[in-house]
There are 2 protein chains.
Amino acid sequence: MLLPEKAFIRRIRLHAGLAAGIIGIGDDCASVRIPAGHEALITTDFSLEGVHFVRKLQPAAPIGHRCLLRGLSDIAAMGGIPLAAFLSLALPGRLPQAWTDEFLRGLLDLARAFKVTLAGGDTAKSPGKILADIVVLGSVPKGKAILRSGAKPGDRIYVTGSLGGAATTLRMLLKGQKRNIPSEDLDKYSYPTPRLEVGRILREKSLASAMIDISDGPSTDLSHLCQESGVGAEINADAVPRARHGKLRREVDIHSALDGGEDYELLFTASGSKRVPTLIANVPVTEIGRIVRGRGMVLASHNKSQKLIPKGWEHFRK
Amino acid sequence: MLLPEKAFIRRIRLHAGLAAGIIGIGDDCASVRIPAGHEALITTDFSLEGVHFVRKLQPAAPIGHRCLLRGLSDIAAMGGIPLAAFLSLALPGRLPQAWTDEFLRGLLDLARAFKVTLAGGDTAKSPGKILADIVVLGSVPKGKAILRSGAKPGDRIYVTGSLGGAATTLRMLLKGQKRNIPSEDLDKYSYPTPRLEVGRILREKSLASAMIDISDGPSTDLSHLCQESGVGAEINADAVPRARHGKLRREVDIHSALDGGEDYELLFTASGSKRVPTLIANVPVTEIGRIVRGRGMVLASHNKSQKLIPKGWEHFRK
């Protein structure tokens, strides 16, 4: 038997509430009005059990939150405004209904907080583990999306928030040290905020020349930005805002900060002629380096300089 | 290790070719310009190994074709115009590269035929079987989408093409009788045409009051349309266009025609006052019944009348 699709649709209809201009779940397609003068932004992200999350490590609500967060963070990284989300969800037959309910609650709470309508999707019975794929549709004024490809030599490199906290919490969870994680760190890991407001302000004020979200780890995401822009980068190790973590609120080490993924902060570049505030929408913004000619990335500190290698975040893979 | 994502992106960039107004793969989001006066249409559809396809039964190219077809058919059923597609693809580590290449070839050939740009997606290593999720973004003039909810008592019910051919071919494939299937039937099963042209003409001429695509089987899809419209239906069994199949080109039985899925034809309703052509965009269109008050569905033939039960297509489930 299929998932009871009608019941699922009814539950989502009940919870989601469709915004004006959106015709949603229960038709062949959802139809969404894009604001006048805007173009559509679309992003899709898998959340696969055993790849992007491990069911035993976390309750279902933060997994649902993160599923949608991944899409919202991509919209933020373009300076966009999210409009609607679409969830494709395949569930194994033996999964308790409570898991699905909690997963949806986590996802829909985040959707409501950012006025995003869950407007459609697909359901199936999974032949194996839990499979989710989230699509977020947003919009941005025509020609104003902040791309990865706009960085120029001389531009400064900035990040929002602090780095490495999520990876450090996750490492402790994977080691079975959950009880040693302060609730402050666990909450921050479980419910990160998409930086939509920061992205929107950077776009409105034409501050950023290029932007990407930090989901795979800053070193990897910066390398993507450099590749798309055809430039290199020099990071000042001493300037990197490292997350404070654990009972003693110690700063995480530089490698956790630069290679750890899942922080969902933004990394952007801005021309040296722009004055970038140190706080945007209440989020700290820190200059961590600059864009240079060439192709490589360098990590410099007060006494030495070394090659910065993108160490891709690989979720739960070994 | 992850799928070699860069290689995948490069391959898609090479094959896909981005249309004007679309910024695609390689950024946080794709950005797509929706034509002036149009609204966006979005649909998402899983293609899961073991649920929607069985790898041993078919080469990879028709599986890729069908993956995109599922989305295009949903756009057709709204009277829409497809613009861009987004593919999320999770592949098991041991899958031969040739399978992926052929899957993409089937998908991209169909995309090109209907001027749809593959503009983004996500990739992951699958913890189990092959998982694909296709998103199609299209557009339709504002307020002109043909919904499932517009059918009224007295409206006539129509279908495009002939019904039950796909289910009959699939049944033979599942029984290991591939060599008994004429190549004509196998080709038709492997590469169905999305009825985009028919959908567009029905919308432009304001002929259809409601529409749905036949992917789950006519009895099930008609029941969805009736439910969304709050009406019942009477089907004339003798009028149903049954597919001709096999070496003797015999018509399939009425149950295969009404319950078999995957035909990807359109089912629509039109007011009795409209003159619906018997051929639209070279596709036969047949009147098969009418919409009635109430909630049930009836199957009537010259000598008897019985309840029509939606017998949902359940892909490869028992």
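Observations on the structure shown:
- Considering the conditions (1) within 15 Å of the chain's Cα centre (by Cα); (2) of a type in the set (Val, Ile, Thr); (3) surrounded by fewer than 17 Cβ atoms within 10 Å (Cβ to Cβ), residue A:220 is excluded by exactly one of them, (3).
- For residue B:262, the conditions (1) surrounded by fewer than 21 Cβ atoms within 10 Å (Cβ to Cβ); (2) within 23 Å of residue B:282 (Cα to Cα); (3) modelled with pLDDT under 95 are fulfilled apart from (1).
- Filter pass, residue B:71 being in contact with a Lys or Arg (Cβ under 8 Å, 6 or more places away or on another chain) and within 14 Å of chain A (Cβ to nearest Cβ): no
- Scan segment B:128-138 for residues that are at the interface with another protein chain (Cβ under 9 Å from one of its Cβ atoms) and of a type in the set (Gly, Ala, Ser) and the total you get is 2.
- Candidate set: segment B:24-48, residues that are surrounded by fewer than 22 Cβ atoms within 10 Å (Cβ to Cβ) and among the aliphatic types (A, V, I, L, M); chosen: the one modelled with the highest pLDDT: B:36
- Among residues of segment B:174-189, those that are buried (at least 17 other Cβ atoms within 10 Å of the Cβ) and not basic (Lys, Arg), counted: 3
- Scanning segment A:49-64 for residues that are more than 14 Å from chain B (Cβ to nearest Cβ) and surrounded by fewer than 24 Cβ atoms within 10 Å (Cβ to Cβ) turns up A:56, A:57, A:58, A:59, A:60, A:61, A:62.
Yes/no per residue for (1) within 12 Å of chain B (Cβ to nearest Cβ); (2) modelled with pLDDT of 95 or more:
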{"residue": "A:106", "(1), (2)": "no, yes"}
{"residue": "A:119", "(1), (2)": "yes, no"}
{"residue": "A:126", "(1), (2)": "yes, no"}
{"residue": "A:148", "(1), (2)": "yes, yes"}
{"residue": "A:155", "(1), (2)": "no, yes"}
{"residue": "A:179", "(1), (2)": "no, no"}
{"residue": "A:199", "(1), (2)": "yes, yes"}
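- Flag if residue A:164 is under 19 Å from residue A:65 (Cα atoms) and of a type in the set (Gly, Ala, Ser): no
- Selection count, segment A:179-220, where residues are among the charged types (D, E, K, R), in contact (Cβ under 8 Å) with a residue 12 or more places away in the chain and more than 20 Å from residue A:276 (Cβ to Cβ): 3
- Of all residues in segment A:72-80, none are modelled with pLDDT under 95, closer than 27 Å to residue B:39 by Cα and in contact with a Ser or Thr (Cβ under 7 Å, 6 or more places away or on another chain).
- So residue A:141, is it out of contact with any Pro (no Cβ under 9 Å at 6 or more places or on another chain) and at pLDDT 95 or above: no
- Residue within segment A:83-100 that is modelled with pLDDT of 95 or more, among the hydrophobic types (A, V, I, L, M, F, W, C) and part of a loop (DSSP other than H, G, I, E, B) present: no
- Residue count for segment A:231-272 satisfying the condition of being free of Cβ contacts under 8 Å to residues at least 60 places away in the same chain and under 28 Å from residue A:152 (Cβ atoms): 2.
- Any hit, segment B:294-313, residues being free of Cβ contacts under 8 Å to residues at least 24 places away in the same chain, surrounded by fewer than 14 Cβ atoms within 10 Å (Cβ to Cβ) and in contact with a Ser or Thr (Cβ under 9 Å, 6 or more places away or on another chain): no
- Residue match in segment A:107-120 (condition: under 24 Å from residue A:210 (Cβ atoms), assigned to a loop (DSSP other than H, G, I, E, B) and in contact (Cβ under 8 Å) with a residue 12 or more places away in the chain): yes
- For segment A:281-306, a residue qualifies if it is part of a strand (DSSP E or B), under 21 Å from residue A:194 (Cβ atoms) and not hydrophobic (A, V, I, L, M, F, W, C), and the qualifying residues are A:284, A:286.
The values are calculated or read from the model by the stated rules, or taken from the named source; none is laboratory data. None of the values given here were measured: they were computed from a predicted structure. Glycine also receives a Cβ, built like all others from the backbone with ideal geometry; neighbour counts cover every protein chain displayed.
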